[in-house]
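For reference, the structure discussed in these notes is given below.
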Amino acid sequence: MKQNESFKGYIYVISSAIIFGLMPLMAKLIYEEGTNPQSLVLLRNALSVPVLLLLSLLTKNPVRIKPAAIPHISFMALVGCCVTPLLLFNSYNYIPSGAATVFHFISPVVVVLGEYLLFKNKPSTKDALSVILCAIGIMLFYNQDSKINFQGSFFALASGVTCAIYVICLSGFKYKEISAFTFSFYIALVSSLVMLPVCLLANQLALPQSGFGWLLAIFFALALNVGAVVLFQKGTFLIGGGKASVLSTLEPVTSVLAGFAV
C-alpha cells in the first residue's frame with residue numbers, strides 16, 4: 001500500500017513539473033497581449049480562486065479550516081507564490097534564462113539540507129546521489145558565453161532559496177487533512193490579496209488587452225493553480241519534500257524540449 005502511495009506521489013510531482021515546464025511559453029504569449037510578470041502572478045492566482053472554491057465544494061471537501069492553519073498557509077503563499085516568481089522573473093532582466101535556471105534550481109540541495117537540519121530526515125545514498133546528478137544536470141544548462149550580473153544572479157539564487165523554503169514548509173505541513181483543492185484555494189486567495197496592492201503601489205497593474213489574452217490568462221491560471229500546484233501538493237505529502245524537489249528538476253528539461261519543438 002505504501003509503495004502504491006509513493007508511486008502515485010511520483011506521478012503527481014512529475015506531472016506537476018511537466019505543466020510548470022510548459023508554462024514559460026504560455027507566459028510569453030500573455031506578455032505579448034499587454035501584461036507583465038507582476039500582473040501575471042496576480043492573474044494566475046486571482047483567476048483560479050473561484051474555480052478552486054467551486055471544486056472544493058463539488059468534491060464535498062470542507063472549505064472551513066482550523067484557524068491555526070491560516071498563518072502556515074499564508075506564509076507558504078507569500079514565500080512560494082509571491083516572492084519566488086517575482087524574484088525569478090526579475091532575474092530575467094539581468095541574466096539569460098539559462099543562467100537563471102542554474103541558480104534557481106539550487107532548491108533541491110537546499111530542501112534536502114533543510115529537511116535534515118529541521119526534521120532530521122537523513123537522505124539515503126540514492127537520494128543524495130540523485131541531488132548531485134540533478135545539480136550537475138542543471139549546471140549543463142549554463143552557457144559559458146552568458147554574462148554574469150551580480151544583481152540578476154542574486155535574484156535567481158534567492159528565488160531558489162525561497163522556493164526551497166516553500167517545499168520544506170509544505171513537506172512539514174501538519175494539517176494534511178485539508179484537501180488539495182481547499183489548500184490551493186487559500187494559497188491562491190492569499191497570494192491575490194498580496195499581489196493586488198503590490199501591483200497597484202508599484203504601478204505595474206497591466207491586464208490583457210484582448211479577449212484572446214484573457215483566455216490565455218485564464219488557461220494559464222487554471223493549468224498552474226488547479227493543475228500543477230494541486231498535483232505538487234499532493235505528491236509532496238506522499239513522498240516528501242526532498243524527493244519532490246529532485247523530481248521538479250524535470251521542469252527546465254520540459255521547458256527546453258518544448259521550446260525546441262515550438
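A few notes on this one:
- Centre-to-centre, using Cα atoms only, region 239-262 and region 1-31 are separated by 8 Å.
- DSSP-loop trypsin sites (Lys or Arg not before Pro) across region 81-181, with at most 13 other Cβ within 10 angstrom: Lys120, Lys147, Lys174, Lys176
- ³J(HN,Hα), Karplus 6.51/-1.76/1.60, whole Hz, each residue of region 226-232, x for Gly, Pro: 8, x, 5, 5, 4, 5, 5
- Projected label distance in nm at Ser210 and Ile148, using a 7 Å step from Cα toward the beta-carbon: 4.2
- Neighbours of Trp214, meaning other residues whose beta-carbon lies under 15 angstrom from its beta-carbon, give a summed charge of -1 when Lys and Arg score +1 and Asp and Glu score -1.
- Region 12-147 - charge dipole about Cα centre, Lys and Arg +1 at Cβ, Asp and Glu -1, debye rounded to 20: 500
- Accessible solvent surface per residue of region 186-251, calculated while the other protein chains remain in place, 1.4 angstrom probe, Å²: 42
- Carbon and sulfur %, accessible surface of the chain computed with the full protein complex present, 1.4 Å: 70
- Local net charge near Ser179, Cβ-Cβ under 14 Å (Lys/Arg +1, Asp/Glu -1): +4
- Computed from backbone phi, the HN-Hα couplings of region 67-79 come to x, 5, 7, 4, x, 5, 5, 4, 5, 5, 5, 5, 6 Hz, rounded to whole numbers (Karplus: 6.51 cos²θ - 1.76 cosθ + 1.60, θ = phi - 60°; Gly and Pro given as x).
- Ser248 sits among other residues whose Cβ lies under 15 Å from its own Cβ, and their net charge, with Lys and Arg +1 and Asp and Glu -1, is -1.
- When the listed pairs Lys8/Lys176; Lys28/Lys234; Lys8/Lys174; Lys28/Lys174; Lys60/Lys234; Lys174/Lys234 are checked against a 25 Å cut-off, the alpha-carbon distance exceeds it for Lys28/Lys234; Lys28/Lys174.
- Whole-number accessible area per residue in Å² for region 1-60, which is evaluated in the context of all protein chains at 1.4 Å: 53
The values are calculated or read from the model by the stated rules, or taken from the named source; none is laboratory data. Just so it is clear, the structure is predicted and the values come from calculations on it, not from any experiment. Backbone-built Cβ (ideal geometry, glycine too); neighbour counts: all protein chains shown. What goes into the accessible areas is simple: the full protein's heavy atoms, side chains included, and nothing from ligands, DNA or RNA. Shrake-Rupley method; radii C 1.70, N 1.55, O 1.52, S 1.80 Å.
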